[in-house]
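This report concerns only the one structure given below.
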Amino acid sequence: MLKRISRGLWNYRRIIILILTPLLLLPLPLVVKTKEAECAFVLLLMAVFWMTEVIPLSMTAMLPAILFPAFGIMKSSHVAREYFKDFHFLLVGVICLATSVEKCGLHRRMALKLVSMVGVNPAWLMLGFMSGCALISMWIQNVSAAAMVMPIVEAVLQQILKAEELGCAGNVNPNLQMDEKKKSVVLVLLPLLPVMVYFPPFVPLKVAVCVSANVRKSERDRMMYKAMSMGVAYAANIGGISTLPGTSPNLIFSEYLNQVYPECNCINFGNWLLMCFPIMSKNAFIKSLSQEILRFLYSSGQQSPQEIFTGIIFVVMVLLWLTRSPGFMPGWASLFPDHTGYITEATVALVLGLLFFIFFSVNAEAMITWEEFRSSMPWMVVLLVGGGFALAEGTKVSGLSVWVAQLMTPLGDLPVLATITVACIIVTTLTEVASNAATTTIFLPILSPLAEAIHVNPLYVLIPTTLCISFSFLLPVSNPPNALVFSYGHITIMDMVKAGIGVNVIGVLTVMMGIATWGIPLFSLDTYPDWAPVHPG
């Protein structure tokens with residue numbers, strides 16, 4: 001009987017959550033009847049809907065456009081302005097570049113070239129795969145990076161297993177020297193401790209480059225597939241944290257900072273890269289494979305004019321981002337002294353993205369078409385982020401942010417690093433069951449008042465928590481790269497949980513080390529800035 005009832009409740013869970021959540025929160029606007037309580041009603045309602053996904057995330061993001069005018073918190077026209085910001089122009093330009101990269105196949109050439117450069121040692125080749133995936137993920141969406149690299153990994157593994165099927169006799173060549181008949185490769189221990197603990201070290205594997213009709217997977221082969229698959233997912237997630245356009249939490253954080261602290265000019269492409277690239281490098285150092293197959297794949301086919309043009313635009317975009325306003329020296333933005341702050345990374349991305357529609361390929365067609373761009377543009381993220389900006393503005397206008405700041409003042413008695421660590425653990429836990437973008441939009445309006453309340457530089461709290469939101473490694477539903485890799489069928493949920501816990505711990509510890517060492521002088525985190533408000537104690 002109880003089992004039948006529980007099954008029935010589970011089947012109707014969406015309807016139950018949709019009805020029960022607003023009913024339980026109704027005392028806030030009906031009993032308390034303050035603007036802060038009404039805004040809290042909207043915030044909590046959106047948080048529950050975002051975490052449970054009872055309706056699409058982008059539709060939940062539209063609730064401020066309905067509820068803020070209804071409660072008299074903001075006019076409808078004012079709410080609408082929050083749904084399209086500088087962030088969206090940056091996203092448009094980056095997606096134009098990503099679309100062209102995918103269309104011309106530059107991503108495959110980049111990944112294979114990087115992998116083929118690291119030598120014949122299988123461990124270094126695996127590191128090459130992950131480095132390639134992380135490098136691509138720095139500039140385009142994480143799921144796109146995983147989707148680009150995973151088929152290459154799959155093809156190489158298939159070739160290795162086919163070769164093993166027919167080349168299993170004889171001794172392993174310890175020096176990995178190759179002749180025309182046989183080529184051998186030794187799989188070594190995984191450098192990443194959590195994965196090494198869960199997956200037993202690989203036994204030396206001899207491979208002859210040949211073709212077999214049927215491939216039988218041994219336990220060792222399955223372990224290799226698991227480690228490689230999860231390595232790609234980890235690299236895609238970790239690589240995105242090192243640049244502002246690399247992942248949605250970084251972009252949301254950047255625009256939130258511009259919106260809430262307009263006088264703060266502390267964050268730019270260059271110093272963010274200086275802060276986060278070492279963190280990415282330490283987290284992304286993992287595993288192993290074979291060079292000759294990769295060299296063959298890379299050498300097949302000449303570079304097309306589309307690839308060359310896309311590569312040039314990519315390099316120019318990165319250079320312009322790095323040199324716009326590096327901080328330690330005047331950038332090219334100083335050439336416009338009468339328009340300080342008018343030109344941003346979004347301006348650069350949009351100008352260069354437009355070139356893909358202007359310049360023509362050898363077939364007299366545009367480098368990318370509108371249909372190709374439209375299919376690549378993450379419209380759900382556009383609306384989701386816009387809803388987050390509207391929510392953040394609502395908390396400010398209603399006074400909810402000030403109320404939260406006063407409520408959290410007692411936390412000032414704790415050591416700063418202890419407070420930040422607790423915040424990082426909370427967001428790292430919740431991002432496993434909620435989308436990264438949704439977790440960011442929920443917590444930024446809460447954490448910035450917390451920093452103001454304890455009189456700590458808001459960047460000291462917001463930067464590490466934003467980075468930790470990207471550390472969602474435990475479940476397939478935690479982020480799109482995990483889901484994509486899981487769909488290949490090589491790993492189970494328990495595989496991801498067991499290995500992901502260790503990676504999460506390493507990620508949080510690395511971020512805390514980075515923010516407490518080179519992050520302090522880089523962003524002047526040890527002083528309370530004049531661009532942040534001061535609340536009475």
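Checking the a/c ratio against 1.5 first, then a/b against b/c, what shape does the Cα gyration tensor give for region 329-450? Provide the component values of the computation, followed by the final result.
Values: a/c = 2.67, a/b = 1.82, b/c = 1.47.
It is prolate, given that a/c is not under 1.5 and a/b is the larger ratio.
Heavy-atom accessible area with a 1.4 Å probe sorts THR428, THR340, largest first, into THR340, THR428. Ordered by 1.4 Å accessible area with all protein chains kept, TRP379, TRP518 run largest first as TRP379, TRP518.
Length gain on complete extension for the stretch THR369 to THR429, per 0.36 nm per residue less the alpha carbon to alpha carbon distance?
17.6 nm
Extending 7 Å from Cα along the Cβ direction at LEU354 and again at ARG222 yields two label points whose distance is 5.6 nm. Between the beta carbons of LEU319 and ARG4, assuming R0 = 51 Å, the FRET efficiency works out to 0.20 to the nearest 0.05. Multiplying the residue separation of ILE66 and ARG81 by 0.36 nm and removing their Cα-Cα distance gives an extension gain of 4.0 nm.
Cross-link pairs exceeding 31 Å between alpha carbons, from the set LYS3/LYS498; LYS396/LYS498; LYS85/LYS226: LYS396/LYS498; LYS85/LYS226. ARG109 contributes about 40 Å² of solvent-accessible surface, heavy atoms of the protein only, 1.4 Å probe.
Taken along the Cα-to-beta-carbon direction at a fixed 7 Å, the label points for GLN406 and ALA516 span 3.4 nm. Please give the net charge around GLU82, taking every other residue with its beta carbon less than 15 angstrom from that of GLU82, where Lys and Arg add +1 and Asp and Glu add -1. Overall, the nearby charge balance is +1. Taking all protein chains as they are arranged and a probe of 1.4 Å, the heavy atoms of MET329 leave approximately 100 Å² accessible to solvent.
Heavy-atom accessible surface of LYS103, to the nearest 10 Å², is about 100 Å², with a 1.4 Å probe and all protein chains retained. The H on the amide N of PHE359, modeled in the peptide plane, is under 5 Å from the matching H of MET367, each at least 5 residues off or on a different chain.
The values are calculated or read from the model by the stated rules, or taken from the named source; none is laboratory data. All values reported here derive from a predicted model rather than from experimental measurement. Cβ sites come from the backbone with ideal geometry, for glycine too, and all protein chains shown count toward neighbours. Only protein heavy atoms, including side chains, enter the accessible area calculation; ligands, DNA and RNA are left aside. Shrake-Rupley method; radii C 1.70, N 1.55, O 1.52, S 1.80 Å.
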